[in-house]
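The values are calculated or read from the model by the stated rules, or taken from the named source; none is laboratory data. These figures come from a predicted structure and were not determined experimentally. Every residue, glycine among them, receives a Cβ derived from its backbone with ideal geometry; neighbour counts consider all protein chains shown. Ligands, DNA and RNA are excluded from the accessible area calculation, which covers all protein heavy atoms including side chains. Shrake-Rupley method; radii C 1.70, N 1.55, O 1.52, S 1.80 Å.
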Amino acid sequence: MSALDTYLALNSRDLRLELEELYAAYTACLDEERFEEWPEFFVEQCLYKIIPRENFERGLPLATWLCESKGYLADRVTAIRKTAVYAPRYIRRIVSGVRVLGWKEGMLEVRANYVAFETLQDELTRVFNTGQYRDKLVVEEGRLKFKEKLCIFDSLLVPNSLIYPL
Amino acid sequence: MSALDTYLALNSRDLRLELEELYAAYTACLDEERFEEWPEFFVEQCLYKIIPRENFERGLPLATWLCESKGYLADRVTAIRKTAVYAPRYIRRIVSGVRVLGWKEGMLEVRANYVAFETLQDELTRVFNTGQYRDKLVVEEGRLKFKEKLCIFDSLLVPNSLIYPL
Amino acid sequence: MSALDTYLALNSRDLRLELEELYAAYTACLDEERFEEWPEFFVEQCLYKIIPRENFERGLPLATWLCESKGYLADRVTAIRKTAVYAPRYIRRIVSGVRVLGWKEGMLEVRANYVAFETLQDELTRVFNTGQYRDKLVVEEGRLKFKEKLCIFDSLLVPNSLIYPL
């Protein structure tokens, strides 16, 4: 039985738990600033997009972040580590309401809500960004990875620049 | 075996997962503004109440919203769509800490925490409302539906009017 | 089979659900201000610490709260109920992203994100404190209890004094 078959055979409850674990690992990777590990949650040919809800709902293509392959994600990490100039901050992410929409042509469609809180040095923690993940996952190397990840955020305004991934 | 018997036979872990799915579907329905589908989460003879924690704890009956049947819920939706005047906004809801208290006279008692974030046009996202759900569910048409849903919120103040359901 | 063996035999999915239930019960105990029950989540010889992330990451020992046994936790509760002077408030806690790191010498290592929202009388609800739990659990009296609980919070600033546990 292939790895994909194993996943296809999971009942909806086990699949849900599998995804809860995946999102917890994804969140921890980013919250703990292990950015170098972040691209490993994606397959080589992937799409990662952070886009305002208004643009998304109107079908406007303009995105705040757009990465069209795993290489682009790695470039982002290099920017965070080496080139970007920004004030130190902590981001704390919450994922909730995971919904498994089902398999479609070998891809698992999943949606979830996320909230990111930001703490700048010597400042109070505040709401940074809320939105919805619209994800498509495939099985690679025996585990689920993101083929597509859209972060559709509610506010056109973001309190500070978007430095770290969501 | 009746649908109710099927639910009664679920072990606590499967029941918990069933509820996680239900709350995720409920939240998504509201967050995505599919308000017309919202009353379908309730049975005909139901009680939906949004009430300040202080009133609830003191046994004071005054509620901010009170709907005593599915028809009332539908009226609310009509108000949102047709008669209410309000600034455009997005609400993002998080549900956490689901607790299954158990079955009592054919009703399943469940509690959970919720947080609602609000985003007004051209404004930053902020905390809108936090509180506890105290819910009673019954089995109808083969699935769990709300017989009673209390949204007990922590602050007497609400940053803007309560336009959308919680 | 001992209670510990029963837990050791649980597959990762059942263990995860067991922990979701534990954190939901823990959160509800505190949110509903049943503080007298709070020490019962811990074993006698335990460590409970609330510490800023900066101190934790630099290996600095200074903690905001430090309780080195269940007795210390009970002392905290006495302070809340009898000696501390503070404005009335409600705290609402969210736990998300539970990760089971595994068993090590009879202890279960678990991490999770938490967010606490605070509502002072006649004020809006706001973000109070976000951070990560780093917990170690053991089996006592047939159930999981905290042997160690670190609450590592993101902001050096806390909007009001830390009166209630996290």
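Would the range C:153-160 turn up any residue that is more than 18 Å from C:R76 (Cβ to Cβ) and in a strand (DSSP E or B)?
no
For the range A:36-51, taking the residues that are touching a strand residue (DSSP E or B) at 6+ places or on another chain (Cβ under 6 Å) and more than 17 Å from A:L108 (Cα to Cα), the one that is most open to solvent (accessible area, probe 1.4 Å) is identified as A:K49.
For beta carbons closer than 6 Å, sequence separation of 6+ or different chains, a first residue in the range B:1-30 that is surrounded by fewer than 19 Cβ atoms within 10 Å (Cβ to Cβ) and a second that is of a type in the set (D, E, K, R) and assigned to a helix (DSSP H, G or I), the qualifying pairs are B:C29/B:E37. Of the residues in the range C:101-108, not one is at pLDDT 95 or above, within 13 Å of the chain's Cα centre (by Cα) and open to solvent by less than 20 Å² (accessible area, probe 1.4 Å). Just one residue in the set C:C151, C:C67 is open to solvent by less than 10 Å² (accessible area, probe 1.4 Å), farther than 30 Å from C:D14 by Cα, among the hydrophobic types (A, V, I, L, M, F, W, C) and at pLDDT 95 or above; that residue is C:C67. When residues in the range B:99-136 are screened for being under 22 Å from B:R53 (Cβ atoms), among the aliphatic types (A, V, I, L, M) and free of Cβ contacts under 8 Å to residues at least 40 places away in the same chain, 3 of them pass. Scanning the range C:154-166 for residues that are open to solvent by less than 30 Å² (accessible area, probe 1.4 Å) and not aromatic (F, W, Y) yields C:D154, C:S155, C:L162, C:I163, C:P165, C:L166. The set of residues in the range A:119-148 being β-branched (V, I, T) and either at the interface with another protein chain (Cβ under 8 Å from one of its Cβ atoms) or open to solvent by less than 10 Å² (accessible area, probe 1.4 Å) (or both) consists of A:T119, A:T125, A:V127, A:T130.
With a requirement of 1 or more residues that are touching a Ser or Thr at 6+ places or on another chain (Cβ under 8 Å) and among the hydroxyl-bearing types (S, T, Y), the strands (runs of 3 or more DSSP E) lying completely within the range C:42-107 that satisfy it span C:89-104. Scanning the range B:12-29 for residues that are within 11 Å of chain A (Cβ to nearest Cβ) and not aliphatic (A, V, I, L, M) turns up B:R13, B:D14, B:R16, B:E18, B:E20, B:E21, B:Y23, B:Y26, B:T27, B:C29. Whether a residue is modelled with pLDDT of 95 or more and among the small types (G, A, S) was assessed, and C:A112 passes this test. For the range C:109-118, filtered to residues that are surrounded by 21 or more Cβ atoms within 10 Å (Cβ to Cβ), more than 8 Å from chain A (Cβ to nearest Cβ) and not hydrophobic (A, V, I, L, M, F, W, C), the residue that is nearest to C:R134 (Cα to Cα) is C:Y114.
Any residue that is within 17 Å of the chain's Cα centre (by Cα) and within 14 Å of chain A (Cβ to nearest Cβ) - is there at least one of those in the range B:60-80?
As a first pass, look at the range B:60-80 and keep what is within 17 Å of the chain's Cα centre (by Cα): B:63-77, B:80.
Those left that are additionally within 14 Å of chain A (Cβ to nearest Cβ): none.
Checking the range B:60-80: not a single residue is within 17 Å of the chain's Cα centre (by Cα) and within 14 Å of chain A (Cβ to nearest Cβ).
The set of residues from the range C:52-64 being over 21 Å from C:I163 (Cβ atoms) and open to solvent by 50 Å² or more (accessible area, probe 1.4 Å) comprises C:F56, C:E57, C:R58, C:G59, C:L60, C:P61.
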